[in-house]
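Values in this text are rule-based calculations from the coordinates and carry no lab data. In this text the structure is predicted, and so the values were computed from the model without any measurement. Ideal geometry is used to build each Cβ from the backbone, glycine not excepted, and the neighbour counts take in all protein chains shown.
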Amino acid sequence: MELQSPAATKATPPGATSALTPRMGVKAFLKRLSVAVTLTLVLLGLGEGASYLVLKSQETRKTTAKIDSPIYRGQSWAATYWQELESAEKVQYQPFVVWRRAPFTGSAINIDAEGVRRTTHSYCDGNAYTIWMFGNSVLWGSGDPDWGTIPSYLAAKYENAGRKVCVKNYGEKNWVSTQELLELMLQLKQAQRKPDLVIFYDGITDTWLPFQSAGPDVHGNFNQIKSIFEQAEMSKSMGFEYLLRSNTVRFLKLVSQRIQAQGKGGARPLTETQASAMASTVVTNYFHNMELVEVLGQHYGFRCAFFWEPTLLTGWSTLVSPQVAPWIPQQEPGSRPVFAATYKLMRNFHRKDFYYFGDLLNDSPATVWLDNGHTSPDANRSLAEKMFQTFAGAAGGVKDAAIARARGLSELYEP
Amino acid sequence: MWRAAPPEELPTAVYKGDAWAPSSWREWNAAANKLQYRSYVVWRKAAFSGVTINIDQDGLRRTYYSSCGQTGHTIWMFGDSALWGAGSPDWATIPSLLAKQYRDTGNEVCVVNFGEKAWVSTQETIQLLLALKAAEKKPDLVLFYDGVSDAFLPYQTSLPDAHENLAHIKRLFEGFSKQPGFQFLQESNTYALLRRMRAHLETTEKSRADSPLSAEQVAAMARITYENYLKNMEIVELLGRHYGFSCFFFWQPTLFAGHKPMTGHERHAQRLEEQGHPGVGELMRVTYDLFRAIRQPDFFYLADIFNRDEENRFLDFSHVGPAGNQLVERRMFEVLERHGYAGTSHSNQGSNFE
């Protein structure tokens, strides 16, 4: 191969210099510009791809940590469950209640077209005694397969006692009691078959709410959703705000948050007065919601019952150290005073349809907890059993009220 | 996009030289599109301070002649932009005119205008419920003024119980994900342009069709609105019994129902709406026919109110100007008077307010 000297390629015929140099200059500029643009795009693309991979691997690490928790040791369904949950976490917008999970079909998780999770041992085809259950992800069964949720265990208890009932799990992740009240109202408008019994199972998300958002009577992630809506309204779909949601920006935000958190020590300190005020807001709002559910119950002919769920974020949680239960995230210690104050108020609250379950798992081993609020299938079974005992006799599940009384539940028994 | 946006030009025929009209028009344009997100009811206008339009921090429009102290009777009013007072200054909205009527008859009342653009009755019911939870002083009387937004809803969405602009808001919400990924590209300008082109093509094809909705479809849609409204009434009545207020439901006028002798401007407004939403006129007519037949003691059909009125009343197919609001308010007051809610001295039955 004959090599041509660079000098030779650059040689210009005499007289042609003035005509060709500007054209060649433009050509060279365009060439360099294209290279620069291409390189920038490639770098941006690589940055975006790398950020995506880092963020994704973090999500995967979180899931792997959960699979490794002692709750799932020896459980054949666990790996499938967590694999399915990744897709089943997708939510859809729902008018008024804001979100619900999208339909999903799997072996451990099934969600119907209405966004309602499958309840096993439930018989909704005929005119069976009907129970609607409302709550957050704990009731939905985060960390549990379809057959290991509280609604499924409750339905099983009725079935084992010789009565087939229809149990519907309206639980949804991060829902608060106002969302549940509205869902109840909307469902009552649509349903041909009204429920006989409506159960609310709340506590953690309601208590967390004033810590997360200063607005009165809002839903979870209010600030975030407000910002999405208002930014879009302002820009009317034109502009470059969408770039703020790119993987690169998210990654940079995450890095910045971590640096800030290290500097501040992480937690937002709350005074006792602030915690008490927040607790009072939570409790007052919950009472208003209870009142409205009862009003609906009187009109549509159903009984209602309200259960206050246990959490590791109350006083007992100090006993669970990272050494004892390393799988439990030690997050937001700043919220603990609100939980302590709220749960104290609820523990002392007496109303005929309210049941405080906040201390029920106090003597259980740490392995009943998946995290600060979500409970294992075994814990769900015992919670469902306590609920069932509460309703002894109401649906013919237990034939004689004396059984309930014998179990020391006379204060909960209502003929 | 949002309905109930101000018409492109000031309909001078309706305002007849009112000096405040041009500035009110400018303020309406400025206020109408500044929306804030609200839990459960989704949107409300942002606070606004103007000469003819004022909206407080809670997103509530100012009501003139209203006296809201610790004592005295309280009336809460719910509705869409027609009740909010689109196209009218603060002092000429239906709630302000009703408060004035009470004051003129010697009764100071507190009237709160919960109206909001494009709201439907389910949103209003939820707003009522949330307001009842928060309010120390509960209302004595709750009035709903609905019609056009509820009747239009099934045209926009097949969901039985939704709010307007559902697709737009659903896209905003679902476009955002906490999970890493590339969904954000759906919000890019390129994507928005392509979506707009597709929507334009679809709309053009839809308007080319002779009959965009079959008679069966129209009947089914009207039925959905009708049944949903009755269920909302039931819930409002239930809340009324519990919290101790009376409630009345008024069905608002539109150019698509009733037999108003239309002016040239009104015929044009009707045509514009039909062009923008082919088949909507028939849907309104069939829906309104169902509501005309309702015989509940707390429901009042006001859609015939302009049947012999030859004046320019409508700004567009659903919003009336201040003079139209006055006629609607008078009819409302007559109903309230008949039921003993006119105060203390005018009713033969005494006052149900007491």
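Observations on the structure shown:
- Using only Cα coordinates, the Kirkwood hydrodynamic radius of chain B works out to 21.3 Å.
- Inter-chain Cβ neighbour average for residues A:92-102, partner chain, 10 Å: 5
- For the range B:139-150, Karplus couplings with θ = phi - 60° (6.51, -1.76, 1.60), whole Hz, Gly/Pro x: x, 8, 9, 10, 10, 10, 10, 10, x, 5, 5, 5
- Computed FRET value (nearest 0.05) for B:ALA167 with B:ALA13, which takes r as the C-beta separation and R₀ as 30 Å: 0.30
- Percentage of interatomic Cα-Cα distances in the range B:77-182 larger than 18 Å: 60 percent
- Candidate aspartates and glutamates for bridging to A:LYS66, where Cα separation is under 18 Å - those fewer than 8 sequence places away on the same chain excluded: A:GLU84, A:GLU86, A:GLU89, A:ASP144, A:ASP146, A:ASP371, A:ASP378
- Tilt relative to chain B, helix B:21-32 - C-alpha long axis, 0 to 90 degrees, to 10: 60 degrees
- In this label model, B:THR190 and B:ARG308 are separated by 6.5 nm, measuring between points 7 Å along each Cα→Cβ vector.
- Helix B:94-104 vs. chain B, principal-axis angle (Cα, 0 to 90°, nearest 10): 10 degrees
- Separation between Cα centres of the range B:310-341 and the range A:113-187, rounded to whole Å: 48 Å
- When chain B is treated as a GNM with alpha-carbon contacts under 10 Å, the residue of B:ALA82, B:ALA19, B:ALA219 showing the greatest mean-square fluctuation is B:ALA19.
- Inter-site label distance for A:ALA28 and A:VAL255 at 7 Å from Cα along Cβ, in nm: 3.6 nm
- The simple Förster model, with R0 at 30 Å and r as the Cβ-Cβ distance, assigns A:ARG73 and A:SER107 a FRET efficiency of 0.95.
- Rg to Rh, two decimals, where the range B:109-162 supplies the alpha carbon set and Rh follows Kirkwood: 1.03
- Cysteines in the protein assembly as shown that, by Cβ-Cβ distance, have no pairing candidate under 4.7 Å: A:CYS304, B:CYS247
- Added length on full extension, which subtracts the Cα-Cα distance from 0.36 nm per residue, A:GLU241 to A:THR64: 60.4 nm
- Solvent-free Debye scattering, log10 I(q)/I(0), computed from the Cα coordinates of the protein assembly as shown at q = 0.05, 0.06, 0.07 Å⁻¹: -0.33, -0.46, -0.61
- Packing, taken as the mean count of other beta carbons within 10 Å per residue, orders the peptides A:200-208, A:123-131 from highest to lowest as A:200-208, A:123-131.
- Note on the protein assembly as shown: antiparallel DSSP beta bridges, both residues inside, total approximately 30 percent of the bridges counted.
- Cut-off under 5 Å, modelled amide H: who pairs with A:ARG303 long-range: A:LEU197, A:VAL198
- Take the Cβ atoms of B:ARG103 and B:ARG338, set R0 to 30 Å, and the FRET efficiency comes out at 0.90.
- Likely footprinting exposure, A:VAL138, A:VAL338, fewest C-beta neighbours within 10 Å first: A:VAL338, A:VAL138
- Loop sites in the range A:61-152: trypsin sites (Lys or Arg not before Pro), DSSP, at most 11 other Cβ within 10 Å: A:ARG73
- Annotation note: trypsin sites (Lys or Arg not before Pro) in the range B:115-168 located in DSSP loop regions with a Cβ neighbour count of at most 13 within 10 Å are B:LYS137.
- Cβ-to-Cβ counts within 10 Å put B:MET233, A:MET387, B:MET262, B:MET197 in ascending order as B:MET197, B:MET262, B:MET233, A:MET387, the fewest first.
- Residues considered: B:GLN326, B:GLN252, B:GLN296. Largest GNM mean-square fluctuation over chain B, using C-alpha springs under 10 Å, is found at B:GLN296.
- Sorting A:ARG163, A:ARG258 by the number of Cβ atoms found within 10 Å of their own Cβ, with the fewest placed first, yields A:ARG258, A:ARG163.
- When each of A:LYS168/B:LYS138; A:LYS173/A:LYS226; A:LYS164/A:LYS386; A:LYS173/B:LYS133; B:LYS45/B:LYS170 is checked by Cα-Cα distance, pairs over 27 Å: A:LYS168/B:LYS138
- When chain B is treated as a GNM with alpha-carbon contacts under 10 Å, the residue of B:PRO154, B:PRO278, B:PRO297 showing the greatest mean-square fluctuation is B:PRO297.
- Antiparallel bridges, percent of DSSP beta bridges restricted to chain B (to nearest 5): 30 percent
- For the range A:115-247, the average shadow cast by the Cα convex hull is 10.9 nm², which is a quarter of the hull's surface.
- Euclidean distance between Cα centres, the range A:267-286 to the range B:216-242, Å: 39 Å
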